[in-house]
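Q: Have a look at this one.
The values are calculated or read from the model by the stated rules, or taken from the named source; none is laboratory data. Quick caveat: nothing in here was measured; it's all calculated off a predicted structure. All Cβ positions, glycine included, derive from the backbone under ideal geometry; neighbour counts span all protein chains shown. Surface accessibility is based on the protein's heavy atoms, side chains included, excluding ligands, DNA and RNA. Shrake-Rupley method; radii C 1.70, N 1.55, O 1.52, S 1.80 Å.
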Amino acid sequence: MIKIICSEYIGGLRLRLTFADGQSGVWDGSGLLHSKNTLLTIPLREPAAFARVFLENGALAWPNGLELAPWTLHQQMAEAGALTKAAA
């Protein structure tokens, strides 16, 4: 099962994510947050709110209740060529 083991806020609406399979990359949340006009996504367009991200059971989560599935993020990042494998 794909899980996120580390999330680092790097500015704007971007996070550096490391997955349990050893792959990592930068995820830009702006596409998702600006395409969904919901009570959970609109507040996170503000970088200070977005930066309050934390991990819950291997998924990205925010205090307002939004959670993003790690396997979906992994797949999207892999398809975009945004993941790299850590050197052994």
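Q: Considering only protein heavy atoms, with the full assembly of protein chains and a 1.4 angstrom probe, order 21, 28 by accessible area, largest first. Write down the numbers at each step before the final one.
A: Values: 21 50, 28 80 Å².
From most exposed to least exposed: 28, 21.
Q: Against the longest alpha carbon principal axis of the chain, how many degrees, from 0 to 90 and to the nearest 10, is the axis of helix 70-79 turned?
A: For helix 70-79, the angle is close to 70 degrees.
Q: How much of the accessible area of the chain, in percent, comes from carbon and sulfur atoms when a 1.4 Å probe is used?
A: Values: 2820 of 5120 Å².
C and S atoms contribute 55 percent here.
Q: If you count only protein heavy atoms with a 1.4 Å probe, what accessible area per residue comes out for the chain, rounded to a whole Å²? Walk me through the numbers on the way to the answer.
A: Numbers: 5120 Å² over 88 residues.
Using a 1.4 Å probe on heavy atoms only, each residue of the chain averages 58 Å².
Q: Now for a different question. Label-point separation (nm) for residue 49 and residue 34, each offset 7 Å from Cα along Cα-to-Cβ?
A: 1.6 nm
Q: Once the cut-off is 17 Å, how many percent of the Cα-Cα pairs in the chain end up in the long-distance tail?
A: Numbers: 1672 of 3828 pairs.
Value for the chain (Cα pairs over 17 Å): 44 percent.
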